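In what follows, a single structure is set out as structure tokens and then discussed.
Each value in this text was obtained by applying a stated rule to the coordinates, not by laboratory testing. Everything numeric in this text was worked out from a predicted model, so none of it was measured. A quick note on method: Cβ atoms are made from the backbone with ideal geometry, for glycine too, and the neighbour counts reach across all protein chains shown.
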Amino acid sequence: MKNRTMQEMNEQYKDCPVQVNTYEVDGRTYIVHSHFIGERDINDVMFQYAENKAMSEMLGLVPKAVTA
Amino acid sequence: MLPKQTEYKVGMYMRLSKDDERSGESLSIENQRKILTEYITQQGWTLYDEYVDDGISGTTFDRPGVQRLLDDAKTGRINLILCKDLSRFGRNYIQVGQYTDYIFPMYNIRFIALTDNVDTANSASSGMDMMPIMNVFNEWHSANTSKKIRAVVESGAKSGKYRTTFASYGYFKGDDEKRTPVIDPVAAAVVRRIFEMRAAGYNMKRIAQVLNDEGILTPDDYRYSLLNKETPHYSLHLWSVETIKRLLRNQIYIGNLAQLRTTTVSYKNHKVIRKEEDEWVVVENNHEPIISRELWDKVREIEASVSTGKMTKQGITLPLTGLCYCADCGSKFKQAGSAKRKSTVTGYSCGQYARFGKKYCSSHFITAHALQDIVLADIKRQIDFVMNDDKAREKYLARKQGLYAEQHSGDKKKLRDINKRIAELDRLIASVYEDKVTGKMPEDMAFTLLDKYQTEKKSLQSESDEMQKHTDMAKQDEADVDEYIRRLKSYAGAEELTRQMALDLIEYITIDENPRKKAIPRDIHIYYKLIDKPLKNKNNALAEQAGAIKK
């Protein structure tokens, strides 16, 4: 994705499935258009992420990430 | 016409390349010196100086010896250049010809290649007639040698022969014929950590900072510390972004041996050029990897991300930094501070607006916490998995026990060594005591030794107790498994948006203009690296738009 403009990426993903949802934060309404351009299942990604994070913290495998 | 030389000041030139060394004694520097000195004596000439290039190819004239010789010739310090044969002077027929045919006559310098019968003062000789042909043959020899060496190197690389002076950081060169890389456990732990930090969303500067703050030796310093030597070249002794970048791109850490990554322009021009990745010779699964393929792929994905992960002045990378674009002008969003304290990042605004002003785009400002809340809410809405607690529990215990076994094997050896030394100290204490009683040892010396042994024993005893305590703690597997499950559920449920989560799930975000009236909704487009699971079996993905969910 590096070195590509937003317009080029938008053009590439224009036919991907989209869901639209509305959220309210600090009294303001936001319409969020979620474009699904990949092939991953969110449940798998989140479980993998959670497992790595919890395992690392409990077993002291990686330093605590300030940024992550 | 230039005057004929009568008195010669001779510059004697000798060269031996690495390849020539295989030809044996006939080409050795010593042998060349002997032949040339004898000839100078016979002729009654004066030797001004000798010029030697040992271990340098004749295809280049970038040799210190030959350059000094040419300087002395041009400044008139010598007027006769003597070498054993033409190939000693050079194997590049264009350059050799240029010197012998143009430059040397211009400076009135005589050139003799003894065994080839070349003498520029005797243009009628057969050697002079043959000189161009001999030059071509000399160069052909170099071209041929170069081809042979390249073929050997390539075949070695293809068979997984590790050809390097120093092994990559994290490995030692093996003792086998192929010098197969062997893991260095100390450096490998640092390598693993670097990859894990990068996968967790650290940018390279931050990784370097962490390593520098902890005082971890740089690869160069570590290598020389193992050799008990000072780093021989100038160094700041600090990890740099470049070092981290190189390390993160080295396939050696997944067990692949990638060689022949650079080449030279030709055998005559030794300028190093980098090859395209598809031209490298890569032997897969050549040796034991330090990191998993999964971790490697994760780092590759982060490298390909549109975000470079710029840090704030406080050294923190916000979860969505670098992932947002202005929907109107397409420029990246920049971190924006508050009006009072510019160093504190409170949100993001259009990069074009930030750099060039409102004439080119509007601010599009959005607070960091609003954007994070929106993204988090949208992620949470999509999660619908059911966790199998027993399976998670089982996996955690297995991993913990694996780690325990790994650690325990090291501890066991250390504990054994400590106990051995304690037993030895007991024996020493007893023998000193006996020697004192029997009068074999003066009392003051006995007390000094006893004191020394007792102190060492006490220190070892406390170390042993500490290790035993660690071992006992590690055995309490069940105690923390509940905490693990709690954390697992919390993270999988996306309680907070982290940088790593953002990088795992989001390709990029576009943010529309901020409407002046608060009542007008604002549009945000999130491009997920995900499949559209809820709509998988529906024909019209946009059908969902009608039933927008209000949080």
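Values as computed for the structure displayed
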| quantity | calculated |
| --- | --- |
| Taking A:His33, B:His525 and counting other C-beta atoms within 10 Å, the order from fewest to most | A:His33, B:His525 |
| Segment B:Leu428-B:Leu450, extension gain: residue separation times 0.36 nm, minus the distance between their alpha carbons | 7.1 nm |
| Cβ-derived FRET efficiency at R0 30 Å, B:Glu277 paired with B:Phe61, nearest 0.05 | 0.35 |
| Full-extension gain in nm, B:Tyr360 to B:Glu301, via 0.36 nm per residue minus C-alpha separation | 17.9 nm |
| Helical mean residue ellipticity (222 nm; -39500 (n - 2.57) per DSSP H run of 4+; nearest 500) of chain B | -15000 deg cm²/dmol |
| Inter-site label distance for B:His369 and B:Arg516 at 7 Å from Cα along Cβ, in nm | 2.8 |
| FRET efficiency estimate (nearest 0.05) - Cβ-Cβ, B:Glu294 to B:Asn388, R0 25 angstrom | 0.75 |
| Set of segment B:351-385 residues, backbone N closer than 20 Å to the point 7 Å along the Cα-Cβ line of B:Lys489 | B:380-385 |
| Vicinal HN-Hα couplings computed from phi for segment A:30-46 (Karplus, 6.51 cos²θ - 1.76 cosθ + 1.60; Hz; Gly/Pro x) | 10, 9, 9, 9, 9, 9, 10, 10, x, 10, 9, 9, 4, 5, 5, 4, 5 |
| Gain on full stretching of the segment that runs from B:Gln98 to B:Lys74 - 0.36 nm per residue minus C-alpha separation | 7.2 nm |
| Helix B:389-437 axis, angle to chain B major axis (alpha carbon atoms, nearest 10°) | 70 |
| Summed residue charge, Cβ within 10 Å of B:Arg522's Cβ, Lys/Arg positive, Asp/Glu negative | -1 |
| Inter-chain Cβ neighbour average for residues B:374-382, partner chain, 10 Å | 5 |
| Rounded if a/c under 1.5, otherwise prolate or oblate - the protein assembly as shown, Cα gyration tensor axes | oblate |
| Cβ-derived FRET efficiency at R0 22 Å, B:Asp221 paired with B:Arg421, nearest 0.05 | 0.10 |
| Inter-probe distance in nm under a simple model that places probes 7 Å from Cα toward Cβ, at B:Ser240 and B:Val152 | 3.4 |
| Qualifying chymotrypsin sites (Phe, Trp or Tyr not before Pro) for segment B:203-305 [loop in DSSP, other Cβ within 10 Å: at most 14] | B:Tyr234 |
| Segment B:47-53 - phi-based ³J(HN,Hα) in whole Hz, Karplus 6.51/-1.76/1.60, Gly and Pro as x | 7, 7, 6, 10, 10, 10, 10 |
| Qualifying trypsin sites (Lys or Arg not before Pro) in segment B:324-391, DSSP loop, other Cβ atoms within 10 Å at most 11 | B:Lys340, B:Arg341, B:Lys342, B:Lys358, B:Lys359 |
| For B:Asn117, net neighbour charge (Lys/Arg +1, Asp/Glu -1) across residues whose Cβ lies under 15 Å away | -1 |
| Other protein chain Cβ atoms within 10 Å, averaged over every residue that makes up B:497-505 | 4 |
| Those GluC sites (Glu not before Pro) in segment B:280-342 that DSSP places in a loop and that have at most 15 other beta carbons within 10 Å | B:Glu284 |
| Environment charge at B:Ile207 (Cβ cut-off 9 Å; Lys +1, Arg +1, Asp -1, Glu -1) | +4 |
